[in-house]
Amino acid sequence: MKLSPLQWLAVVAVIVVVSVAASPTADTPPAAAASATDTAEDDDDDDGGGGSVFPFKALQLYNTVAGYLEYIFDIVIAPITGGVSNKKQTPSRVSYKKFQIIRVLPSDEDEVLDIEAMSEEPGVQVWMPIRLNKTADLVLPPSVARDVKRFLTQREINFIVLSSDLERSIHKQNPKSPSINQKSELKATKGHVMTWTRYHRYQDILDYLMYLSENYPHLVELMPIGKTVEGRPLKVVKISSGQTRENVVKPAIWIDAGIHAREWISPAVALFILRQLVENKSYRTLISEVDWYILPMINADGYEYSHTVDRLWRKSRRTAATKSGRTLWDMSYGCEGVDLNRNWDWHWAGVGASQDPCSDTFAGSHAFSEPETRAVSDFILDHRDRIQVYLTLHSYSQMWLVPWSHTKKLADDYDDMMYLARQATEAIQKVHGSHYQLGTTPSLLYTTSGCSDDWAKGKAGIKYSYTIELPDKGMYGFLLPAEKIVTTGKEIFTGIKSIAKSILKINSMKEKTKLRG
């Protein structure tokens with residue numbers, strides 16, 4: 001390969017730097033020199049001689065040279081060649097071929113302990129928590145599947161195989177993306193490519209939000225609230241008729257979705273609710289009496305990653321922290337991503353949250369360390385005088401959860417929250433017969449902390465704060481087929497309409513009480 005004069009200059013510069021760094025008289029940075037001296041002295045104290053000084057100085061020299069090399073590459077060579085020394089490689093798609101999903105049912109505490117120990121095997125994922133007399137769903141890689149099932153059989157622990165090839169189940173979940181011609185036809189006839197028969201990419205979602213704001217400007221306002229770690233815009237959709245009675249502040253309802261990347265059904269349902277409120281004239285009364293703030297996607301980076309690389313990715317895409325010392329063999333450490341539903345400033349990093357960056361429940365470096373959670377919390381706090389209901393959509397398990405999540409102690413107004421939630425779940429059941437369990441997170445799932453619904457109630461002061469775990473109960477898990485979007489959307493929208501009507505009744509009763517007083 002023929003090098004240009006500039007490239008030859010860069011090479012010469014590297015050689016000079018290496019020669020200087022390797023010279024016995026080369027200056028060592030003060031901090032490094034002090035460190036080398038301290039360590040040499042420590043080694044002398046340990047073994048009574050100077051035998052261990054040379055290996056340390058050699059390592060110190062290697063690190064110094066490596067640092068210079070990287071610096072020169074980044075500053076001189078990279079601009080010429082277009083390369084970057086620590087450029088992140090494009091990850092290949094994660095395959096779940098021959099991975100199995102099993103459902104276990106521990107009948108005593110010993111079996112719970114056995115399954116918990118088994119879940120620590122490399123590659124095993126726990127989709128639903130392991131609890132006594134409750135089913136738990138686990139994903140088994142091919143390397144351990146046979147041994148795990150043999151172990152369960154020997155211990156006489158009940159289990160069934162839900163899927164013998166997870167990759168095949170993933171491929172079945174979402175229909176093939178429409179062709180360019182089909183997309184053009186959709187846009188020409190509808191004005192957008194959004195459908196409720198498949199799970200769409202984030203750009204399609206943003207385009208649909210823009211379509212709504214442009215075609216229903218009297219109802220829809222797009223409110224940018226920030227950006228994700230990777231720079232994707234976060235947009236809240238405000239739906240309002242603008243009408244209000246004199247001296248009466250309209251209540252508002254907040255809905256968010258997509259805080260966990262792999263839970264594709266949640267943003268799809270949020271978008272279905274958007275369509276009903278804006279494009280279905282039957283619900284104009286709901287808009288005239290209630291304002292709506294809907295954020296259909298919090299974790300846009302993770303959502304895109306779950307489409308392109310790892311279908312089962314849960315966290316955000318926060319880049320791993322880097323070490324202060326630069327070496328060629330170790331540029332960074334830790335794992336990527338933060339669990340955005342453990343990052344809220346309410347009992348942050350307590351029970352049920354991890355401080356291990358490699359954990360799926362990593363709570364982040366501190367509360368609201370992530371731009372996504374900061375943006376949402378700032379917006380809610382700015383509007384908390386009007387937001388009377390907080391709803392966050394998750395999956396899976398078909399549950400309507402009420403705070404608290406961080407403790408088994410019930411909230412003081414637990415009965416009030418349960419009353420509205422019970423009406424909502426009863427309304428849902430009337431649609432297609434779907435039963436949603438109702439209760440606190442610790443009573444139905446597990447105890448956890450730093451969650452958005454707890455924060456909304458505890459810090460933002462929103463009395464009626466709920467987490468809705470969407471279908472199903474485990475047959476599909478996170479891979480609910482796209483054909484279920486509409487039926488799920490209709491059910492949840494019915495429940496949310498019930499909540500809205502209840503809020504209006506409560507407010508009306510308060511007004512009458514004031515007038516009497």
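Could you tell me whether any residue of the range 402-411 is over 24 Å from THR488 (Cβ atoms) and of a type in the set (Lys, Arg)? Yes, the range 402-411 contains at least one residue that is over 24 Å from THR488 (Cβ atoms) and of a type in the set (Lys, Arg).
I need the full set of residues from the range 143-162 which are in a helix (DSSP H, G or I) and either charged (D, E, K, R) or open to solvent by less than 70 Å² (accessible area, probe 1.4 Å) (or both), in order please. VAL144, ALA145, ARG146, ASP147, VAL148, LYS149, ARG150, PHE151, LEU152, listed by residue number. In the range 115-132, the residues that are at pLDDT 90 or above and charged (D, E, K, R) form Cβ pairs under 8 Å with partners that are part of a loop (DSSP other than H, G, I, E, B) and surrounded by fewer than 18 Cβ atoms within 10 Å (Cβ to Cβ), at six or more places apart or across chains, as follows: ARG131/TYR446. Taking every residue in the range 186-211 that is within 17 Å of SER306 (Cα to Cα) and surrounded by 15 or more Cβ atoms within 10 Å (Cβ to Cβ) and pairing it with any residue that is among the basic types (Lys, Arg) and at pLDDT 95 or above, at least 6 positions away or on another chain, the pairs with Cβ-Cβ distances below 8 Å are TYR202/ARG232. Figure legend. Inter-residue proximity from the range 349-369: first residues of a type in the set (Asp, Glu), second residues open to solvent by less than 30 Å² (accessible area, probe 1.4 Å), beta-carbon distance below 6 Å, spacing 6+ or different chains. Indicated pairs: ASP360/ARG314.
The numbered conditions (1) open to solvent by 10 Å² or more (accessible area, probe 1.4 Å); (2) more than 25 Å from THR373 (Cα to Cα) are all true for GLY477 except (1). Within the range 429-439, the only residue that satisfies the criterion of being of a type in the set (Ser, Thr, Tyr) and open to solvent by less than 10 Å² (accessible area, probe 1.4 Å) is TYR436. Picking from residues in the range 344-381 that are over 24 Å from TYR464 (Cβ atoms) and hydroxyl-bearing (Ser, Thr, Tyr), the one that is surrounded by the most Cβ atoms within 10 Å (Cβ to Cβ) is THR361. Of everything in the range 446-466 that is open to solvent by less than 10 Å² (accessible area, probe 1.4 Å) and of a type in the set (Val, Ile, Thr), the residue that is farthest from ILE259 (Cα to Cα) is ILE462.
When SER508, SER443 are checked against the criterion of being closer than 27 Å to ILE160 by Cβ, among the polar types (S, T, N, Q) and surrounded by fewer than 19 Cβ atoms within 10 Å (Cβ to Cβ), SER443 stands alone in meeting it.
Count of the range 403-428 residues, restricted to those that are over 27 Å from the mean Cα position of the chain (by Cα) and open to solvent by 40 Å² or more (accessible area, probe 1.4 Å), is 8. Confirm whether HIS394 is touching a His at 6+ places or on another chain (Cβ under 9 Å) and open to solvent by 10 Å² or more (accessible area, probe 1.4 Å). Taking the combined requirement at face value, the residue does not satisfy it.
Here's the yes/no breakdown for (1) out of contact with any Lys or Arg (no Cβ under 7 Å at 6 or more places or on another chain); (2) without any contact (Cβ under 8 Å) to a residue 24 or more places away in the chain; (3) not in a helix (DSSP H, G or I):
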residue	(1), (2), (3)
TYR390	yes, no, yes
LYS408	yes, no, yes
ASP412	yes, yes, yes
MET417	yes, no, no
LEU420	yes, no, no
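Only residues that are in contact with a Phe, Trp or Tyr (Cβ under 6 Å, 6 or more places away or on another chain) and under 16 Å from MET399 (Cα atoms) were counted in the range 479-492, giving 1. Filtered by the rule that a residue be touching a residue at least 40 places away in the same chain (Cβ under 8 Å) and farther than 21 Å from GLN429 by Cα, the range 483-516 gives LEU504, ASN507, GLU511. If you check LEU162, LEU186 for being in contact with a strand residue (DSSP E or B) (Cβ under 6 Å, 6 or more places away or on another chain) and either more than 18 Å from TRP313 (Cα to Cα) or polar (S, T, N, Q) (or both), only one passes: LEU162.
The values are calculated or read from the model by the stated rules, or taken from the named source; none is laboratory data. Quantities reported herein were computed from a predicted structural model and do not represent experimental measurements. In this analysis, Cβ positions are derived from the backbone assuming ideal geometry, glycine residues included, and neighbour counts consider all displayed protein chains. Note: areas computed on protein heavy atoms with side chains; ligands, DNA, RNA excluded. Shrake-Rupley method; radii C 1.70, N 1.55, O 1.52, S 1.80 Å.
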